[in-house]
1. So what are the ³J(HN,Hα) numbers for the range 325-342, from phi and the Karplus equation (6.51, -1.76, 1.60; θ = phi - 60°), rounded to whole Hz, Gly and Pro as x?
2. How high is the relative contact order of the range 72-195, in percent, with contacts defined as C-alpha pairs under 8 Å that are six or more residues apart?
3. Please list, ordered by chain and number, the residues whose modelled amide H lies under 5 Å from the amide H of ALA314; skip anything fewer than 5 residues away on the same chain.
4. At q = 0.13 Å⁻¹, what log₁₀ I(q)/I(0) does a Debye calculation on the Cα points of the chain give, no solvent, two decimals?
5. Given the Cα atoms of the range 17-117, and with Rh set as the inverse mean 1/r over their pairs in the Kirkwood sense, what is Rg to Rh to two decimals?
6. How large is the dipole of the range 161-281 about the Cα centre if only Lys and Arg carry +1 and Asp and Glu carry -1, each at its Cβ, rounded to the nearest 20 debye?
7. Compute a Gaussian network model of the chain, connecting alpha carbons closer than 10 Å, and tell me which residue from ALA265, ALA104, ALA333 fluctuates the most.
8. Expressed as an acute angle from 0 to 90° and rounded to the nearest 10, what is the orientation of the C-alpha long axis of helix 67-83 relative to the principal long axis of the chain?
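Read the figures in this text as sums done on the coordinates, not as results from a lab. Note that this is a predicted model, so its numbers are computed, not measured. Don't worry about glycine lacking a Cβ; one is built from the backbone with ideal geometry, like all the others, and counts go over all protein chains shown.
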Amino acid sequence: MDWLISETRITLVDPAGLAARMVEHLAEHEVAVETNNGVMVARLPYGTSTLAVEAEALRIRVEAADKGNLEVLRSVVASHVVELADGETPTIVWLGHESGSTFANFREVRLKASFDLTPHMRRLTFVGDDIARFASNTDLHVRMYFPPDGLENPEWPRPAPDGRVLWPEPDRRPAPRYYTIRRIDTRAGEIDIDFVLHEQAGPGSDFALKAQPGAICGMAGPLGRSIRPARWLLLAGDETALPAIARILEDLPAATSGEVLIEVADASEELALTAPSGMSIRWLHRGNALPGSTQLLAEAVNNVRWPDHPDVFAWVAAETQAVRTIRKYLRDARHLAREQHLTVAYWNLRQS
């Protein structure tokens, strides 16, 4: 595969200091950086970024498989350069593969239909043009943009000259949220996304509750890592993770075994899931307790019976505090290596 390449040379008073701060920031987010002959290489989910310190400048090169991912890398790198520049005002000019009026990974989609799967989960079917890029078995998620109510002509984020994201004015700015693609039919141009309906609705839940066919959204991606193949899997999450768990299960090899733990309010929120016969599925009912307020999921993970071989992988997605507790258990008690688990906070009780 011929990857796309874009480069920038940023004049700075202290390029070495900025490079060191960027490497430290990447380490905090568990991104390893290799150094070879003074060139620092970071392998990121969207591609590769290299940093080289010169006498009065920092040279940065990004490489990705397509223009959408290349633009994401440019945006991420430029944002961190500006954030970590320590009082300097860097000028960033990218050479190679100029951006257009919208990001290459962005599509505008329209609501076609919706129906309720459970009392608190609704499936929305969207239609759009050129949606093949979202048909990925490794990147399951998309970033959706919900326009303000009553805005007749939605406006979307677009590339700034330095590669960062340029947003519309606050009263016209769409609200971004992350969702899992549950089903995609590229021939029909259809995408299904399942929304959890909250009593205190955020932008996504509010859209799912109120939107009528023809309503417009933005969609960008795909993004978000999935599982690493293993003989034995642990999948654990609450209802916000249920669409991703359902999709992961459908794609597993028939010989896969493991445990699936899903926290929901009660039996009315359970869904029929397709999974290999070796995957044991257990529903955890929290009753009238608030989502994210119990230790139900963490306790269930602690009580899982693990296999006697090392070919395992754990995938966890839920409320922030639950994920932190489970991550600590997986690392400290189960001694899972970084490549043996993926834990993601899908939402935060304190911010809901």
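1. 5, 5, 4, 4, 5, 4, 7, 7, 8, 8, 6, 6, 6, 4, 7, 9, 7, 9
2. Numbers: 183 pairs, mean separation 35.3, N = 124.
It comes to 28 percent, rounded to a whole number.
3. Result for ALA314 returns LEU234, HIS341, LEU342.
4. -1.15
5. 1.09
6. Values: 12 positive and 18 negative charges, 124 e Å.
The dipole magnitude comes to about 600 debye.
7. ALA333
8. Here the helix axis deviates by roughly 70 degrees.
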